[in-house]
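**Student:** Once you've had a glance at the structure underneath, I'll fire off some questions.
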Amino acid sequence: MTSESQKFFVSGQVKELGYELPEGNLLIEPVGKNTLPAICFGMKEIEKRSGSSVAGVFSSDHILDRSAMKTIAGAESLASGYLVAFGIVPESPHTGYGYLKPAEPIGKGYRVSEFMEKPALEEAKKYVKEGYLWNSGMFLFDTAVFSRELRTHVPAVFEAFEGSDDVREIYNNMPSVSVDYGLMEKSGSVAVVKLNEKWSDLGNFDAMYDEFGKDESGNVVYGCDHSFINAAGNLVYSKPDKLVSLIDVKNMVIVDTPDALLVCPRSSSQKVREIVNELKNKNDERFSLHQTVYRPWGSYTILESAERHKIKNITVLPEKRLSLQLHHHRSEHWVIVKGMARVQIDGDEEFYLRPGESTFIRAGTRHRLSNPGKLPLEIIEVQLGDSVAEDDIVRFDDEYGRV
């Protein structure tokens, strides 16, 4: 389950991991409405395809080991009568997680008597002392039980999905509500299974720091060269062959990407979301777009960008092609780096380019780039014009349904 802006990013990452994700298994929300509508969308689709089923709900950024997955799978029988949550046995008081309180035992779990929001530190200490669990945000739901409880406690969401098969229409009539607030905290049929195994939600850079190997001074360095003097407990990320030097710096996060630089204490890394919200409020596309952008035909990485020019490194997967398109405000110069390109101009002219060869596409000209070969095609594209924005594109023919 993801959004329109992230779908090719997700499918690209799955391919990088060596898996094939069937297109129908990637569900796209037309707009974000918090976690309950997203989960409901997925549960309804599973029920439609497979009938009554038990489904696991996992966030994309969690780390679990095999023993934790066995514990989760072992809760399947409990899900036949309850909405099953998974509670992490706390290692220490933590203000970044919600908490839930287990009551009397039920099968392999416990009935949940109370949900608590993210607490202040003193409250967190009290919760740990009293045996509360961290709310992991992972669940095991039987489609029938989920539907029953949804109809009872969140009829607006239930009726929106029952009343239409049009996802956009459904979401237009949908309240924005979390699964905890909307359903779990209201239902009397909620159980929790304790997870005492390896787990991390990677919710911030401090959590990522805990997952990486460290040098003798407790520094985590990823992707770059480094030279440190009296530096300890830092997380450093930058690009290959770039030298990062730290002097008398402790317990900091330094993340250097092509389009952004973050420097903050590790203890403050949760505040990154405030920066993201600020960018979103300013309509700054960097809150959602990365330098490398995935598309159904491959990907591109922005190497340089200015008001009147942009340089991209474009990779087209074997036997894939871009849409037949034109741009009103920019021209494009293509230089082939690797593989063979088939270029179509104005729908009639067609020719092939090999490494070292190039072509020029004038503004207003219909064109299409294809990779007819069995190996990836790599090109450098230089865009020049009054506007080099991504929305300056008119598609005439597109096999991915984007016309």
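Here, each number is a calculation from the coordinates, and none is a lab measurement. Because the structure is predicted, anything quoted here is derived from the model rather than measured. Don't worry about glycine lacking a Cβ; one is built from the backbone with ideal geometry, like all the others, and counts go over all protein chains shown.
**Student:** Just add up the charged neighbours of HIS62: K/R +1, D/E -1, any other residue whose Cβ is under 15 Å from the Cβ of HIS62.
**Tutor:** Spelling it out: positives minus negatives among the neighbours equals -4.
**Student:** Per 20 Å bin from zero, what fraction in whole % of the C-alpha pairs of the chain is there, up to the bin with the longest pair?
**Tutor:** With 20 Å bins starting at 0, P(r) equals 21, 48, 29, 2.
**Student:** If the label point is 7 Å along Cα→Cβ of ARG66, which residues in the stretch 126-164 have backbone nitrogen under 17 Å from it?
**Tutor:** none
**Student:** Could I ask something else about it? Can you list the residues, at least 5 places off or on another chain, whose amide H is less than 5 Å from the amide H of GLY137, using H built in the peptide plane?
**Tutor:** PHE86
**Student:** Suppose each label sits 7 Å from its Cα in the direction of the beta carbon; what would the SER176-ASN251 distance come out to in nanometres?
**Tutor:** With each label point 7 Å from Cα toward Cβ, the separation is 3.5 nm.
**Student:** Debye sum, Cα scatterers, the stretch 31-200, no solvent: what log₁₀ I/I(0) at q = 0.12 1/Å?
**Tutor:** The Cα Debye sum returns log10 ratios of -0.54.
**Student:** For the stretch 73-97 and the stretch 275-302, compute the distance between their C-alpha centroids and round to whole Å.
**Tutor:** First find each Cα centre; the distance between them is then 34 Å.
**Student:** Hey, another quick one. Run the quick spin-label model on ARG308 and CYS224: label points 7 Å from Cα toward the beta carbon, then report their separation in nm to one decimal.
**Tutor:** Placing both labels 7 Å beyond Cα along the Cβ direction yields 3.2 nm.
**Student:** In whole Hz, with x marking every Gly and Pro, tabulate ³J(HN,Hα) for the stretch 171-188 from phi via Karplus 6.51 cos²θ - 1.76 cosθ + 1.60, θ = phi - 60°.
**Tutor:** Using θ = phi - 60°, the values come out as 6, 5, 9, 10, x, 8, 8, 7, 5, 5, 5, x, 10, 4, 6, 9, 6, x Hz.
**Student:** Considering only the other residues whose Cβ falls under 12 Å of the Cβ of LYS280, what net charge follows from Lys and Arg at +1 and Asp and Glu at -1?
**Tutor:** -1
**Student:** Counting only GluC sites (Glu not before Pro) that sit in a DSSP loop (anything but H, G, I, E, B) with at most 15 other Cβ atoms within 10 Å, what is the longest stretch of the chain containing none of them?
**Tutor:** The reported range is 217-306.
**Student:** Can you check what the Kirkwood hydrodynamic radius comes to for the stretch 232-342, Cα pairs only, in Å to one decimal?
**Tutor:** Kirkwood radius, the stretch 232-342: 17.5 Å.
**Student:** Using the Karplus curve 6.51 cos²θ - 1.76 cosθ + 1.60 with θ = phi - 60°, work out ³J(HN,Hα) for each residue of the stretch 222-238 in order, rounded to whole Hz, and write x for Gly and Pro.
**Tutor:** Per residue, the Karplus-derived 3J(HN,Hα) values read 10, x, 8, 7, 8, 9, 10, 10, 6, 10, 8, x, 9, 10, 10, 10, 8 Hz.
**Student:** Can you give me the relative contact order of the stretch 292-397 as a percent, contacts being Cα pairs under 8 Å and 6 or more apart?
**Tutor:** Normalised by residue count, the contact order of the stretch 292-397 is 37 percent.
**Student:** Hey, in the GNM for the chain with a 10 angstrom Cα cutoff, which one of VAL157, VAL84, VAL255 fluctuates hardest?
**Tutor:** Among VAL157, VAL84, VAL255, the largest mean-square fluctuation in the Gaussian network model of the chain belongs to VAL255.
**Student:** In terms of modelled amide H atoms, which long-range or inter-chain residues lie less than 5 Å from the amide H of ARG366?
**Tutor:** Sorted by chain and number, the residues that satisfy this are ASP346.
**Student:** If you average the C-alpha positions of the stretch 22-52 and of the stretch 117-134 separately, how far apart do those two centres end up, in angstrom?
**Tutor:** Here the answer is 33 Å between Cα centres.
**Student:** Which order do PHE141, PHE360 fall in if you start with the one that has the fewest other Cβ atoms within 10 Å?
**Tutor:** PHE360, PHE141
**Student:** Would you kindly derive the ³J(HN,Hα) couplings of the stretch 309-314 from the backbone phi angles with the Karplus curve 6.51 cos²θ - 1.76 cosθ + 1.60 (θ = phi - 60°), listing them in order in whole Hz, with x for Gly and Pro?
**Tutor:** 8, 8, 10, 10, 9, 10
**Student:** For ASN234, which sequence-distant residues (separation of 5 or more, or a different chain) have an amide H within less than 5 Å of its own amide H, given hydrogens modelled in the peptide plane?
**Tutor:** For ASN234, the qualifying residues are ASN219, VAL220, ASN251, MET252.
**Student:** Now a separate question. Counting other beta carbons within 10 Å of each Cβ, put ARG151, ARG366 in order, fewest first.
**Tutor:** The most exposed by this proxy come first: ARG151, ARG366.
**Student:** Taking 8 Å as the Cα distance limit and 6 or more residues as the minimum spacing, I'd like the relative contact order of the stretch 205-271 as a percentage.
**Tutor:** 27 percent
**Student:** Separate question: I want to check the label-to-label distance for VAL263 and GLU162. Put each point 7 Å from Cα in the C-beta direction and report it in nm to one decimal.
**Tutor:** 5.8 nm
**Student:** May I pose another question? I want to verify a result. In a Gaussian network model of the chain, Cα cutoff 10 Å, which of these has the top mean-square fluctuation: PHE158, PHE205, PHE287?
**Tutor:** Among PHE158, PHE205, PHE287, the largest mean-square fluctuation in the Gaussian network model of the chain belongs to PHE287.
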